[in-house]
1. So Val439 ticks every box in (1) in a loop (DSSP other than H, G, I, E, B); (2) out of contact with any His (no Cβ under 8 Å at 6 or more places or on another chain); (3) open to solvent by 10 Å² or more (accessible area, probe 1.4 Å) but one. Which box is left unticked?
2. Would you confirm whether or not the range 336-343 contains a residue that is open to solvent by less than 10 Å² (accessible area, probe 1.4 Å) and over 16 Å from the mean Cα position of the chain (by Cα)?
3. In contact with a strand residue (DSSP E or B) (Cβ under 7 Å, 6 or more places away or on another chain) and at negative phi, is that true of Gln202?
4. Just need a number here: residues in the range 315-348 that are closer than 28 Å to His442 by Cα and either small (Gly, Ala, Ser) or out of contact with any Leu (no Cβ under 8 Å at 6 or more places or on another chain) (or both).
5. In the set Glu269, Glu286, which member is free of Cβ contacts under 8 Å to residues at least 60 places away in the same chain, closer than 24 Å to Gly155 by Cα and not in a loop (DSSP other than H, G, I, E, B)?
6. Working only within the range 359-412, note down all residues that are among the small types (Gly, Ala, Ser) and assigned to a strand (DSSP E or B).
7. Quick check on this structure: which one of Ser380, Ser340, Ser328 is touching a residue at least 60 places away in the same chain (Cβ under 8 Å), within 16 Å of the ligand (Cβ to nearest atom) and touching a helix residue (DSSP H, G or I) at 6+ places or on another chain (Cβ under 9 Å)?
8. Across the range 355-377, what is the total count of residues that are among the aliphatic types (A, V, I, L, M) and more than 16 Å from the ligand (Cβ to nearest atom)?
Amino acid sequence: MLFRHSLTASLHFLFVTFVSFCSFLLVAPATTAADRPNILFMFSDDHGYQAISAYDSSRNKTPNIDRLAKEGMRFDRAFVTNSICGPSRAVVQTGKYSHLNGFPDNGARAYFNPAQQTAPKLLQAAGYNTAVVGKWHLVSDPVGFDFWSILLGQGPYYNPQMKTAAGLTPHTGYTTDIITDVALDWLKNKRDKDKPFFLMYQHKAPHRNWEPPLRNVDKYKDVTIAEPATLFDDYSGREFPARDQQMTVANHMTPLDLKLIPMQDQNAEQREKFQKAYEDENKKFEEAKLEGREKTKWHYQRFVKDYIRCVDAIDENVGRMLDYLDESGLAKNTIVIYTSDQGWYLGEHGWYDKRWMYEESFRTPLLVRWPGHTKAGTVSDKMVMNLDFAETFLDLAGLKVPEDMQGASLKPILEGQNPADWRTSVYYHYYEFPQPHHVHPHLGVRTARYKLIHFYTLDDTWELFDLEKDPNELKSVYKDPAYAQTVAELKTELKRLMEKYQDDGTTVVKYENPNPPMPKAKAKGNKAKAT
Ligand SMILES: [Ca+2]
């Protein structure tokens, strides 16, 4: 018995030694544990670049987020592979397109397979102290994190419950502030200070239904926010899908979106203060009985003001995080990344929401500050993607990027290099249909000048945009004979990219939730619809 114990102990010792040795080998030889940088990944949900003043100051000012552009690099051509929440998050975890990471849409059975390879798991194994706080939205619990505290699904704007390895914790207050409180508490009190950290700090805001904090409800009250040039787009220059969607500011906003009824996630005290801020305007709106363009203009002002009120709260909290990095002395050795899971329509094309390969939702904001490495105030027009984040995290930590990850590390670009073999085209594939918003599945390719889109479930439905002549993508030139050569070249490029990324265009390796939510009870009198 004694012999067995000592043998077990010896084997255990050898195993631990071996594991430590392997962890040491995983780290590039030039890097020691002491100088590996911390990585703070700030991620918001549906934050269009049009509402960050480092990109566009026509609607609001974001002085704290702008600091990252001033002190680091702004990317003007950052794109996503599939413009929707859960799928974008799965891409960030894995560095793989949806058809390979198994999370192509947010359907009822969507499920992120936690057994697969992820960047956080590799960072954790290599000695990083890892954490995720805020919106997760991948159904399965986080794996590869020493600490996690996440919202349930989308999470509410007020009074969230947050799930940790120990169970559910209720919080009172505004979710954007609470996520920051929890993240700061981990940085200050809970993390292992002998290790570099990797923190995913992920906001729910400014996702629909755009509920601002009580401190911001009166902001912009007497201001008229600029309307985008395409607010009254009639879709005449595009194919059927642009007309067939259900995401217009004019006709597809609910009373909850427009704050015409009480919010559901607030307590009585919060609700009273919140409603008071809207009641005069709501009364006038109901009496005016607006129609047509005037009604759309009113919807736009209400929506965009609430949206930027939520964004401003993110900016205030980004300021709290950056201040802490400064005060603690962590700023010098911490890479800070700000981005969103995808872009957003702030009334462009008459829309809200995302999904399309059109520029506003295909692009996403990306700002990176890396003291001592990235030159302050620089701008990159390299075509980069959310597909590149996993690879970038690993490369910044001095780790080898696994060959089956499909993106590329941004490290050389951040260091001011101009990699000769950097991509000159981006591949996109969106799946979720028909609901919500009825955006037909599509895939496509974008180059510096052109964008070719294929609505592949419809008969021969293609669009081509010449972004140099038509940056707002109002008129498809797919059928214009002058572009026949361009169409042929782009179809060849599309085929090349589909092969490169192993996407046959129709099937997806999809993981299904082993414990799917119960189907909702059918409403009475809704039989015809249900079948
Ligand atoms: Ca989103």
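The values are calculated or read from the model by the stated rules, or taken from the named source; none is laboratory data. These numbers come from a predicted model, not from an experiment. Note that we place each Cβ from the backbone using ideal geometry, even for glycine, and neighbour counts take in every protein chain shown. We work out accessible area using only protein heavy atoms, side chains counted, and drop any ligands, DNA or RNA first. Shrake-Rupley method; radii C 1.70, N 1.55, O 1.52, S 1.80 Å.
1. (3)
2. Scanning the range 336-343, I find no residue that is open to solvent by less than 10 Å² (accessible area, probe 1.4 Å) and over 16 Å from the mean Cα position of the chain (by Cα), so the answer is no.
3. yes
4. Qualifying residue count for the region: 8.
5. Among Glu269, Glu286, only Glu269 is free of Cβ contacts under 8 Å to residues at least 60 places away in the same chain, closer than 24 Å to Gly155 by Cα and not in a loop (DSSP other than H, G, I, E, B).
6. Hit for the range 359-412 is Ser380, nothing else.
7. Ser340
8. Residues that pass the stated criteria total 3.
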